[in-house]
Amino acid sequence: MATSTTTSSNGSQTKEALDREFESLKGDVSKLTQEVASLVAATGSAAYRRARKNLDGVISDASGKGQEAVDAVKDVTSTIGDAVEDAVYKRPVTTLAMAAGIGFLIGAIWRR
């Protein structure tokens, strides 16, 4: 019977040792979880700032390209306007005949 008491005592000590190790392990896992969360938050913030900076650059580039397109359209419109005005002054009869012909074609297409 002495062996069963010793075995019971050893089993109890082993269980207590395992409980202590388990509690220590739970604490370590908790600390590790907090560190990972902090690391993810810091990395996420850095990635957000980097993405925001890139997005601002893209928006700035798009704005510049849009302004260039508007300027090009203005230039083309001005050039076409100058060409039409020049044609009207140099050849008024031809210009009037072309306008009438284009109007006739548009009217014919519109009726169908």
- Test THR77 against the stated conditions and say whether it is closer than 30 Å to THR95 by Cα and polar (S, T, N, Q). yes
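Being modelled with pLDDT of 75 or more and in contact with a helix residue (DSSP H, G or I) (Cβ under 7 Å, 6 or more places away or on another chain) narrows it down to one residue among VAL73, VAL88, VAL93; which is it?
Details: VAL73 fails: in contact with a helix residue (DSSP H, G or I) (Cβ under 7 Å, 6 or more places away or on another chain); VAL93 fails: in contact with a helix residue (DSSP H, G or I) (Cβ under 7 Å, 6 or more places away or on another chain).
VAL88 is the lone residue from the list that is modelled with pLDDT of 75 or more and in contact with a helix residue (DSSP H, G or I) (Cβ under 7 Å, 6 or more places away or on another chain).
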- Show the residue pairs that are 6+ apart or on different chains and have beta-carbon atoms under 9 Å apart, the first residue being within region 73-86 and closer than 19 Å to ALA99 by Cα, the second being of a type in the set (Ser, Thr, Tyr). VAL84/THR95
- Message: I'd like to know if region 72-87 contains one or more residues that are loosely packed, with under 10 Cβ neighbours inside 10 Å and charged (D, E, K, R).
- Response: no
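The values are calculated or read from the model by the stated rules, or taken from the named source; none is laboratory data. If you're wondering where the values come from, they're calculated on a predicted model, not measured in any experiment. When we count neighbours, we look across all protein chains shown, and the Cβ atoms used for this are built from the backbone with ideal geometry, even at glycine.
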